[in-house]
Amino acid sequence: MSKRPYDDMANRLPFDLPPPSVRPFDAYVCGASDADVNRVRVTVNRIIFGSDRVRRNDFPGPLPATVGRCHLQQFARVKYWVTEKSDGERRFLLILPDATFLIDRKWSVLKVTSSFYQDTCRADLPVLLDGELMNPEGTHALYLAYDCMNLGARRLTDAPFSERIAAFEKVAERYRTAVPDDDLSAHDHPFRIASKFFVPQVEIVRILHKIHPHMGSYRFVDLKRRRVNKNDGLIFVADVDKYRPEKPTTLMKWKWPDKNSVDFIVRAPFFNDRGELELRCGSYHNQDMVVRRITVDNGTRTQFLSWVQGRNDLVIECVYDRQGGVWRLCHPRYDKHKANFVTVVIQTMESLIDNVTKDDLSRACQHYREPAAA
């Protein structure tokens, strides 16, 4: 057997590990037909809402609230699971007996032309996962599953999160069994499947120790699972949480203080009469509202105009510069078509004021104790 690129990983910079190669992503996915899109919507709604009569335009995945100091006592009282927050594109993965689909936040549906995934999971269909698509270009795509809403005959939206973890880990295990690490590119499939690494909150340091600063950002490095990806914080899921599209009060996200961001939308003509860029957030009645008007330097303006070329609007991730007291543009979010709601902006500003650190989180989480058995 030839030497794998990870055999000497301990002696290499972990940030430079090449991801395993699979088949080219674009060669194995295509836009779904109208009939398939309708079938996907009906199936997803039936699983998540328990009825195929539900008609929703919004993406039905739950959204986390931002951690503030008011939540630290909650981490000490309620059983939570913790994972790292990857910087990928959120997608549902729906595996049916005759087809596999990827669904993004805008309800755009891609169909996988290979039958690999339904063949691999034949004993557990239908499968509906929530997760992130990493590196969806070339031959290094990875689907990271972090929730499971359906596995075979079991609808899991009301199950404790610990049961849902076991379900998406089972799907990832089926993939690993079907595709040995040294034989990935020999199989007709455009992305790997892996499960997010969750730990009980009292073991939060196991996650934190795998996150490292790197060239102005952060990287999650898991040598055992042979995975390296961008990281922008942590996710906390209460074990009692059901899978609901409404924002659960116990589903939380924490970002590194210098990476706290908001997704604003900008609209043509983009700049006002004073040359200011208007950043808008979501508001009530499907409207948006101007949060800030900012000026940008010539370099940022040129980059921005390249992002919006041929577009009437664009969602852009922005971070708040605490020293300068202004919002700064980070990168376009082509995977989204709606800005964060105004309450998210308020929560983000509150979190900047609270300045919850990783040490604050560790202390709070390690105070949790399992209830004594009855």
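The values are calculated or read from the model by the stated rules, or taken from the named source; none is laboratory data. Because the structure is predicted, anything quoted here is derived from the model rather than measured. Virtual Cβ from ideal backbone geometry, glycine too; neighbours counted across all protein chains shown.
The condition (being within 27 Å of residue 90 (Cα to Cα), surrounded by 16 or more Cβ atoms within 10 Å (Cβ to Cβ) and over 24 Å from the mean Cα position of the chain (by Cα)) is satisfied by just one residue among 291, 308: 291.
Restricting 262, 266, 296 to those that are buried (at least 16 other Cβ atoms within 10 Å of the Cβ) and assigned to a loop (DSSP other than H, G, I, E, B) reduces the list to 296.
The number of residues in the range 113-136 that are in contact (Cβ under 8 Å) with a residue 60 or more places away in the chain and either in contact with a helix residue (DSSP H, G or I) (Cβ under 6 Å, 6 or more places away or on another chain) or buried (at least 23 other Cβ atoms within 10 Å of the Cβ) (or both) comes to 3.
Residues that are in contact with a Ser or Thr (Cβ under 6 Å, 6 or more places away or on another chain) and in the same structural domain as residue 34 (by the TED database): does the range 86-109 have at least one? Taking every residue of the range 86-109 in turn, none turns out to be in contact with a Ser or Thr (Cβ under 6 Å, 6 or more places away or on another chain) and in the same structural domain as residue 34 (by the TED database). Restricting attention to the range 90-109, and to residues there that are under 14 Å from residue 61 (Cα atoms) and assigned to a strand (DSSP E or B), which single residue is farthest from the chain's Cα centre (by Cα)? Among residues in the range 90-109 that are under 14 Å from residue 61 (Cα atoms) and assigned to a strand (DSSP E or B), the one farthest from the chain's Cα centre (by Cα) is 94. How many of the residues making up the range 315-337 are assigned to a strand (DSSP E or B) and of a type outside the set (Phe, Trp, Tyr)? Of the residues in the range 315-337, 12 are assigned to a strand (DSSP E or B) and of a type outside the set (Phe, Trp, Tyr). Considering the range 330-351, the residues that are of a type in the set (A, V, I, L, M) and either over 27 Å from residue 284 (Cβ atoms) or free of Cβ contacts under 8 Å to residues at least 40 places away in the same chain (or both) include one that is surrounded by the most Cβ atoms within 10 Å (Cβ to Cβ), namely 349.
Counting only residues that are within 30 Å of residue 114 (Cα to Cα) and in contact with an Asp or Glu (Cβ under 6 Å, 6 or more places away or on another chain), give me the strands (runs of 3 or more DSSP E) lying completely in the range 132-250 with at least 2 of them. Once the strands (runs of 3 or more DSSP E) in the range 132-250 are filtered for at least 2 residues that are within 30 Å of residue 114 (Cα to Cα) and in contact with an Asp or Glu (Cβ under 6 Å, 6 or more places away or on another chain), what remains is 142-151.
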